[in-house]
Amino acid sequence: MLRDRIIFCLIYNNGAFMQSRNFRMQRVGDINWLEKNYKFQKISFSLDELVVVNATRGKKDMESFCRTVSRLVDDVFIPITAGGGVESMEDADSLFNSGADKVIVNSAISSNPEFIKKIVHRYGSQSLVASIDYRIIDGEPVVYTNDGETRIDDSMGSYIEQLHALNVGEVYFNSIDQDGTGFGYDIDTIKKYAGMFSMPLIVA
């Protein structure tokens, strides 16, 4: 039976952790600051999962990101989902080898669906989380990739059907308009599309 989960999300950008508002970033602190102030080894007992998203613009340093993930998972005994800029099996392998239980993908869903199939084939669908970033334009949700910079022409319904065809394990549903605003969730869109997902849905 599916149940509600409390999931803590961290936004990473060029070696630091960020506060995000409508995908605009403001630096908060590095991994040392995070470990000092959040002490995940202690608060993880109150959480069900940790999501770490690499939102670095342009070319992402996967090696540096993986080192950060490796430090985060030390003595933290909850599932860790990590991703952002995952474009190859080497990227996926590196994250899993760094302690991630699942990888999160976004741009590759539309640009390289065969790669998505390879991840599922090697690690299983339960290891893959598909991120949907979207904005409301003229009353309808429009999907964006590449850190919210590239618009996808497919409708939301068609995009969700593609995720089912790729056999992804979970979906991370993220409203760019609501991101970091403090005004809560995009309830109308969630209600409209939640019934289309056969897999677990993470609402950001």
Pick out, in residue order, every one of the chymotrypsin sites (Phe, Trp or Tyr not before Pro) in the stretch 1-88 that is DSSP loop and has at most 14 other C-beta atoms within 10 Å; say none if there are none.
-> PHE77
Radius ratio Rg over Rh of the chain, counting only Cα atoms, Kirkwood formula for Rh = 0.93
For VAL142, enumerate residues with amide H under 5 Å from its amide H, sequence gap 5+ or separate chain, H modeled in the peptide plane.
-> ARG135, ILE136, ILE137
Output the relative contact order of the chain, whole-number percent, from Cα pairs under 8 angstrom with separation of 6+ residues.
-> 17 percent
Quickly work out the LYS118-to-SER64 label distance, labels modelled 7 Å from Cα along the C-beta direction, and quote it in nm with one decimal.
-> 2.5 nm
Would you mind checking the radius of gyration and Dmax of the stretch 108-162 based on alpha-carbon positions, in Å?
-> 12.4, 40
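Counting only protein heavy atoms, what percent of the accessible surface of the chain is carbon or sulfur at a 1.4 Å probe?
After summing per-atom areas, the C and S share lands at 47 percent.
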Gain in length, MET196 to MET89, computed as 0.36 nm per residue apart minus the alpha-carbon separation, to one decimal in nm?
-> 35.6 nm
Picking from THR81, THR181, THR68, which is most flexible by a Gaussian network model of the chain using Cα springs under 10 Å?
-> THR181
Expressed as a fraction of 2.2 N^0.38 Å, the rule-of-thumb size for a compact globular protein of N residues, what is the C-alpha radius of gyration of the stretch 1-76?
-> 1.15
Report, in degrees rounded to the nearest 10, the 0 to 90 angle that the Cα long axis of helix 113-123 makes with the longest principal axis of the chain.
-> 50 degrees
Please determine, in degrees from 0 to 90 and to the nearest 10, the orientation of helix 62-73 with respect to the longest principal axis defined by the Cα atoms of the chain, where the helix direction is its Cα long axis.
-> 70 degrees
For the stretch 59-204, with every protein chain kept in place, what is the accessible area per residue (1.4 Å probe, Å²)?
-> 47 Å²
Residues meeting the amide H criterion for GLY29 (H placed from the backbone, H to H distance under 5 Å, 5 or more places apart or on another chain) are PHE17
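The values are calculated or read from the model by the stated rules, or taken from the named source; none is laboratory data. Every value quoted in this text rests on a predicted model; they were computed, and no experiment measured them. Don't worry about glycine lacking a Cβ; one is built from the backbone with ideal geometry, like all the others, and counts go over all protein chains shown. Remember, those area values only see protein heavy atoms, side chains included, never the ligands or the DNA or RNA. Shrake-Rupley method; radii C 1.70, N 1.55, O 1.52, S 1.80 Å.
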